[in-house]
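Q: My questions all concern the structure below.
The values are calculated or read from the model by the stated rules, or taken from the named source; none is laboratory data. All values reported here derive from a predicted model rather than from experimental measurement. Positions of Cβ are backbone-derived with ideal geometry, glycine not excepted, and every protein chain shown enters the neighbour counts.
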Amino acid sequence: MNIRTTLAAIITGFALLTATGCAVVRDQETVGEYIDDATITTQVKARMLDNPNVAGTSISVETLNGTVMLSGFAKNATEKATAEQIARGVNGVKAVKNEIAVRP
């Protein structure tokens, strides 16, 4: 009975050690990066909502690995440029992809 318990413990320990190596696969974010991206998204969105020159509710903000993606609609080119400028001013932003469409 002692040998079975020891053998089960060794197998369980080996399984746990090999399974933890699969925690992060290439091109996936770590927990810390995910939290940083969520913070960046929140800060960009909050600054847009505080700015009277930007319709923050019409613009979507997504962040991945410090790159901010802006999408949605703007009333004019000035609003589009202002939204991009706001995003670039947030700490932690590495790049901004501005996919905002200007409504005619």
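Q: Suppose we filter Val102, Val44 for residues that are touching a residue at least 40 places away in the same chain (Cβ under 8 Å) and of a type outside the set (S, T, N, Q); which single one remains?
A: So the residue among Val102, Val44 that is touching a residue at least 40 places away in the same chain (Cβ under 8 Å) and of a type outside the set (S, T, N, Q) is Val44.
Q: Could you tell me which numbered condition Gly92 fails, if it satisfies all but one of (1) part of a helix (DSSP H, G or I); (2) modelled with pLDDT under 95; (3) not polar (S, T, N, Q)?
A: Just one mismatch for Gly92, condition (1).
Q: Where residues in region 54-89 are of a type in the set (S, T, N, Q) and in a loop (DSSP other than H, G, I, E, B), which of them is nearest to Thr39 (Cα to Cα)?
A: The selected residue is Asn65.
Q: Here is a list of conditions, (1) closer than 30 Å to Thr30 by Cα; (2) among the small types (Gly, Ala, Ser); (3) touching a residue at least 12 places away in the same chain (Cβ under 8 Å), and Ala77 meets all of them except one; can you say which number that is?
A: Condition not satisfied by Ala77: (1).
Q: How many residues are among the small types (Gly, Ala, Ser) and more than 9 Å from Val68 (Cβ to Cβ) if we restrict to region 80-96?
A: Residues that pass the stated criteria total 4.
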